[in-house]
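**Student:** I am attaching a structure below and will ask some questions about it afterwards.
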Amino acid sequence: MSPATPADVLARRRRLILNGDADGFAELFAPDAVIELPFGGPLACPRAWRAGRRSARNARRVLASPLRLEDLEVAELYQAEDPEVVIAEMRAKGTMTTTGRPFAATSVQVLRIREGHIVLLRDFADPRVLEDLTAEPRTGTGS
């Protein structure tokens, strides 16, 4: 059996996330994997952490949040010189279940994938999307 390509791993990640399979999602990560959010993440989320044993717990927490992903696609996938590294342009669509507000977000992710497991996930997402989504809707005051 040939090893999983980065595109295979990302397609599997998509299926697992959209199906709400936190344990399967956690298994995509190597035991010593690192997840980084250089621009910051959701409230109370560290900028970097080791996935390790916390992966499944963190995945369950995220999948149980009021953010419901309805689609997650790799818009573009670029291969770096290092065969383990890919850069993915991601597009996500979903709904904030507490408000019913839809959202669309894009991000750039740098991933190191080794032997079918994610070793590094560096997600350059704009944290303002989540902040805007959770903020109280603005009411027009008109002048």
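The values are calculated or read from the model by the stated rules, or taken from the named source; none is laboratory data. The shown structure was predicted, so the numbers you read here are calculated from the model rather than taken from an experiment. With ideal geometry, Cβ positions are generated from the backbone for all residues, glycine too; neighbour counts draw on all protein chains shown.
**Student:** Report every pair of residues separated by at least 6 positions or lying on different chains whose Cβ atoms are under 7 Å apart, first residue within segment 55-83 and in contact (Cβ under 8 Å) with a residue 12 or more places away in the chain, second in a loop (DSSP other than H, G, I, E, B) and loosely packed, with under 15 Cβ neighbours inside 10 Å.
**Tutor:** Taking only residues 6 or more apart or on different chains, the pairs are 63/20; 66/97; 66/98; 68/97.
**Student:** Show the residue pairs that are 6+ apart or on different chains and have beta-carbon atoms under 7 Å apart, the first residue being within segment 15-26 and more than 18 Å from residue 66 (Cβ to Cβ), the second being of a type in the set (Ser, Thr, Tyr) and assigned to a helix (DSSP H, G or I).
**Tutor:** Short answer, once both residue conditions are applied: 26/55.
**Student:** Within segment 1-10, count every residue that is surrounded by 14 or more Cβ atoms within 10 Å (Cβ to Cβ) and either among the hydrophobic types (A, V, I, L, M, F, W, C) or in a loop (DSSP other than H, G, I, E, B) (or both). Explain how you work it out, then say what you get.
**Tutor:** So the first thing to find is which residues in segment 1-10 are surrounded by 14 or more Cβ atoms within 10 Å (Cβ to Cβ), and the list is 4-7, 9-10.
Checking the rest, the ones that are also either among the hydrophobic types (A, V, I, L, M, F, W, C) or in a loop (DSSP other than H, G, I, E, B) (or both) come to 4-5, 7, 9-10.
The qualifying residues number 5.
**Student:** I would also like to ask the following. Only one of (1) at pLDDT 75 or above; (2) of a type outside the set (S, T, N, Q); (3) in contact with a strand residue (DSSP E or B) (Cβ under 8 Å, 6 or more places away or on another chain) is not met by residue 26, so which one is it?
**Tutor:** Failing condition for residue 26: (3).
**Student:** I'd like the full set of residues that are aliphatic (A, V, I, L, M), out of contact with any helix residue (DSSP H, G or I) (no Cβ under 7 Å at 6 or more places or on another chain), assigned to a strand (DSSP E or B) and over 19 Å from residue 9 (Cβ atoms), limited to segment 63-110.
**Tutor:** To start, the set of residues in segment 63-110 that are aliphatic (A, V, I, L, M) comprises 63-64, 67, 69, 72, 74-75, 77, 80, 85-88, 90, 92, 96, 104-105, 108, 110.
If we keep only those that are out of contact with any helix residue (DSSP H, G or I) (no Cβ under 7 Å at 6 or more places or on another chain) as well, we get 64, 67, 75, 80, 85, 87, 90, 92, 104, 108, 110.
Then keep just the ones that are assigned to a strand (DSSP E or B); that gives 67, 75, 85, 87, 90, 92, 104, 108, 110.
Those that are aliphatic (A, V, I, L, M), out of contact with any helix residue (DSSP H, G or I) (no Cβ under 7 Å at 6 or more places or on another chain), assigned to a strand (DSSP E or B) and over 19 Å from residue 9 (Cβ atoms): 67, 104.
**Student:** A further question follows. Can you pull out every residue in segment 12-27 that is surrounded by fewer than 14 Cβ atoms within 10 Å (Cβ to Cβ) and of a type outside the set (Lys, Arg)?
**Tutor:** Matches in segment 12-27: 19, 23.
**Student:** Here's something else I'd like to know. Checking residue 94 against (1) modelled with pLDDT under 90; (2) closer than 19 Å to residue 20 by Cβ; (3) not aliphatic (A, V, I, L, M): exactly one of these is not met. Which one?
**Tutor:** Failed condition: (1).
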